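The values are calculated or read from the model by the stated rules, or taken from the named source; none is laboratory data. Everything numeric here is computed off the predicted structure, so don't read it as measured data. Cβ atoms come from the backbone with ideal geometry, glycine included; neighbour counts cover every protein chain shown.
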Amino acid sequence: MSSANSTDSPLEAAAGVAGTEATEAFGLLANETRLAILLALWEAKEPERPRSEQAVPFSKLYERVAIGDSGNFTYHLDKLDGTFVRSTEEGYKLTNTAARVLRAVFAGTLTEDRSFEGEPSDFECYRCGSSLVVDYTDENETIQRCPDCEGAYRWPEYPSGMVAHADLPPAALENRTPQEMQRKGNTWIRNRLMTLLNGVCPDCAGKITTTTHVCDDHDAPEGTVCDNCGSVYEVRLLHVCEVCKFDWWLSLGLHVVTELPVKVFYHDHGIDLESAMDESSITVLYDTIEEQTVVSEDPLELLVRVELDGDRLDVTLDDAGDVLDVSETAD
Ligand SMILES: [Zn+2]
Ligand SMILES: [Zn+2]
Ligand SMILES: [Zn+2]
C-alpha cells in the first residue's frame, strides 16, 4: 500500500538507465514554490548587465516569490542550491542548466497553435525545379513540400511531395512571417546539421553515434519514391545522441559537406558550399550529387559522387559516415 520504498516509485522505474539523477531533477522541478523561485530568477535575469551584478539578493527573491512563510521558502531555496540555483555573495542566480531547461520550455511553448500549410517558399524543388511550399505542423516541424512531384520522402502522416523535414521550435515564428521563418529557420537547422555532422549533439553537446541503414529492396526509378523505405535515397544514416537521445535521419549525400576537399572542389567550381546551403536549402548540393550508394557490403562502404562541369569527386565513407577516401577525376 505504502509507496515509501523508492524501488516502488513509478518515476524511478520509468527513468530506467537515466536513473536517480534524472528523477531527482524532475522532483526538484515538481514543486510550486521551487518553480516560482526559478521563474522569479528568470524574470530578474538581465543579460545586458555584467554577470557579477546578475545575482538576486535573498530579500528581493523572497519579496518576488512572496509566499509569506520564510522557513518554507528557505527550505525550497536550499533544495535548488547547487543544481538549478547558485548562491553567491551577492545573491542567487540560475545555473546554466536551469537556464537551458527554462529556455527549452519558453522556446517550445510560445503562444497559440502556429501551424500553417502551403505557404509559398523561396526555395525550389531539387527534384523537379518547381517552387516549393512550406508547412509548419502542430508537432513543431517544418516541412518543405513540392506541389508538382513526389519529392524525396513519403511519410504516411504527411501530404506527398516532401523534400525536407526538420524540427523547428515555434520561437522561429515569433515576429516573423512564414517566409522569414523559413529562411532564418534554415540557418538554424543548417548550423545544427553541421554540429551533428561533426559528431556533436546540437541539443546537449553529447557524443553522437551514427549507424547506416540501407533499404533492402530499394526501387525508386527517376522521379519516384521507393515504396519499401519511403525515400528516394537507398542509404540513410541515423544519428543518435548517447546522452539525450536526440535523433536525426540524414541521407548519405549530406555526409560529405563538412570535408575540406569537398568544399575546395565546390569552391574551385565557383560555389561556396556553406553559403549556398544557407541560401538555397540543399538544392545546390543535391543538384550536383550524381550518386549516393553502397559500393561494398562487407565491410560496408558507401560512395557519394559529385559532378561539376564534368569534373568528378568520389567520396568513400564507412558505415559510420566517416570519410575514408576522396578522389578527383578531371574532365
Ligand atoms: Zn518537385
Ligand atoms: Zn527503398
Ligand atoms: Zn544530446
Could you please find all residues in region 238-249 being within 29 Å of ILE271 (Cα to Cα) and buried (at least 18 other Cβ atoms within 10 Å of the Cβ)? HIS239, TRP248
Looking at region 88-100, which of its residues are surrounded by 15 or more Cβ atoms within 10 Å (Cβ to Cβ) and outside any strand (DSSP E or B)? GLY91, THR95, ALA98, ALA99
Residue ID - farthest from ligand 3 (Cβ to nearest atom), chosen from residues in region 141-159 that are part of a strand (DSSP E or B) and of a type in the set (D, E, K, R): ARG145
Report, by residue number, each residue of region 47-61 that is touching an Asp or Glu at 6+ places or on another chain (Cβ under 8 Å) and not in a helix (DSSP H, G or I). GLN54, ALA55, PRO57
So for region 221-231 (the condition being within 16 Å of ligand 1 (Cβ to nearest atom), more than 21 Å from the chain's Cα centre (by Cα) and buried (at least 19 other Cβ atoms within 10 Å of the Cβ)), does at least one residue qualify? yes
For the structure I just gave you, tell me whether CYS226 is near ligand 2 (Cβ under 8 Å from one of its atoms) and outside the structural domain of LEU303 (by TED's automatic domain parsing). yes
With more than 22 Å from the chain's Cα centre (by Cα) and within 16 Å of ligand 2 (Cβ to nearest atom) as the only criterion, which of ASP272, ASP287, ASP216 stands out? ASP216
Considering region 91-117, residues that are among the small types (Gly, Ala, Ser) and in contact with a Lys or Arg (Cβ under 8 Å, 6 or more places away or on another chain), and then whichever is farthest from ligand 1 (Cβ to nearest atom), we arrive at GLY91
Candidate set from region 116-138 (those that are among the polar types (S, T, N, Q) and part of a strand (DSSP E or B)); member that is surrounded by the fewest Cβ atoms within 10 Å (Cβ to Cβ): SER131
Just wondering, is there one or more residues in region 173-189 that are more than 16 Å from ligand 3 (Cβ to nearest atom), in contact (Cβ under 8 Å) with a residue 60 or more places away in the chain and assigned to a loop (DSSP other than H, G, I, E, B)? yes
Report whether or not VAL65 is within 21 Å of ARG103 (Cβ to Cβ), β-branched (Val, Ile, Thr) and at pLDDT below 90. yes
Applying the selection to region 65-87, what residues are in contact (Cβ under 8 Å) with a residue 12 or more places away in the chain, of a type in the set (Phe, Trp, Tyr) and either over 21 Å from PRO47 (Cα atoms) or loosely packed, with under 12 Cβ neighbours inside 10 Å (or both)? PHE73
Of LEU285, LEU254, LEU260, LEU303, which residue is farther than 29 Å from TRP155 by Cβ and not charged (D, E, K, R)? LEU260
Would you list the strands (runs of 3 or more DSSP E) that sit entirely within region 215-308 and hold 2 or more residues that are in contact with a helix residue (DSSP H, G or I) (Cβ under 7 Å, 6 or more places away or on another chain)? 235-241, 289-297, 300-308
Go through (1) surrounded by fewer than 14 Cβ atoms within 10 Å (Cβ to Cβ); (2) at pLDDT 90 or above one by one and return the number of the condition PHE106 breaks. (2)
Taking the options VAL243, VAL256, VAL200, VAL264, name whichever one is under 20 Å from the mean Cα position of the chain (by Cα) and without any contact (Cβ under 8 Å) to a residue 24 or more places away in the chain. VAL200
From the list VAL257, VAL235, VAL262, which residue is touching a strand residue (DSSP E or B) at 6+ places or on another chain (Cβ under 6 Å) and either closer than 27 Å to SER121 by Cα or buried (at least 17 other Cβ atoms within 10 Å of the Cβ) (or both)? VAL235
Looking across region 232-250 at residues that are over 30 Å from ALA104 (Cα atoms) and of a type in the set (A, V, I, L, M), the single one that is nearest to ligand 1 (Cβ to nearest atom) is VAL232
All but one of (1) surrounded by fewer than 16 Cβ atoms within 10 Å (Cβ to Cβ); (2) within 16 Å of ligand 2 (Cβ to nearest atom) hold for MET162; state the number of the condition that does not hold. (1)
